[in-house]
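Colleague: Encoded as structure tokens, here's the structure I'll be asking about.
Read-outs: derived from the displayed coordinates by stated rules, not from any lab. As the structure is a computational prediction, the values presented were derived from the model and not from experiment. All Cβ positions, even for glycine, are placed from backbone atoms using ideal geometry, and neighbour counts span all protein chains on display.
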Amino acid sequence: MQIKVPEENGYLPDIYGKYAPKEYRIDNGPTRSFPIDIKDAPAETETYAVTMIDHDAIPVGGFTWIHWVAANLPGNLTTIPENASQSGDVPMTFGNNSTAGGLVNNQNPQTSQHYSGPLPPDKDHHYTVTVYALDTKLPLENGFWLNQLHDAMAGHILAEATQVVLGRV
């Protein structure tokens, strides 16, 4: 399986991150998710899960930052369309990003349980985007955590693909 996240000049396009225009922001944070093309997924794929994490956040905040976690996207997709996290065009179960955690304590599910775009504070950051092809719908509800996703996926991953994209400071 392969995935393709758009890049411009080696970076995630500005509209999905720190330099997103006002119309692509909620509570001043970038919330328009990027499209992801999926190729060569196993024929048995029932659902997909998506994660986007930032290990470069460790020196800044002390832990990996979760920007997006979602599960139960339809297994017949060949593209997760732009803004799927907010638009409702693709059904999915929304997991909590790091803004929902105790440090930020974001109580708005529209931003705490959806894509939260890159806002690198100190330098360009590497964002690890992974799509998992799964053989089942996962027993998760909106507001699940990344560790719960990994527990639920155990024994159900048919394939996975990762792309690391840069977000500019």
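Colleague: Taking 0.36 nm per residue of sequence separation and subtracting the Cα-Cα distance, how much length would be gained by fully extending the chain between Asn105 and Glu23, in nm to one decimal?
Modeller: 27.1 nm
Colleague: Between Gln86 and Val164, how high is the FRET efficiency from 1/(1 + (r/R0)^6) when r is the Cβ-Cβ distance and R₀ = 41 Å? Nearest 0.05. Don't jump to the answer; show the numbers that get you there.
Modeller: Working: r = 24 Å, r/R0 = 0.58.
That gives a FRET efficiency of 0.95.
Colleague: Can you count the Lys pairs in the chain with C-alpha separation below 22 Å, eight or more apart or on different chains?
Modeller: So the count of such lysine pairs works out to 4.
Colleague: Follow-up. To the nearest 500 deg cm²/dmol, what mean residue ellipticity at 222 nm is calculated for the chain from DSSP H runs of n ≥ 4 alone, each contributing -39,500 (n - 2.57), summed and divided by the residues?
Modeller: Taking each H run of at least 4 residues, the total per residue is -2500 deg cm²/dmol.
Colleague: Please compute the length gained on full extension between His150 and Asp122, using 0.36 nm multiplied by the number of residues separating them and subtracting their Cα-Cα distance.
Modeller: Between His150 and Asp122, full extension yields an extra 7.1 nm.
Colleague: When only Cα pairs under 8 Å and 6 or more residues apart are kept, what is the percent relative contact order across the stretch 2-167?
Modeller: 29 percent
Colleague: Using the charge dipole of the stretch 57-169 (Lys, Arg: +1 at Cβ; Asp, Glu: -1 at Cβ; taken about the Cα centre), state which of Leu140, His126, Thr78 has its Cα farthest towards the positive end.
Modeller: His126
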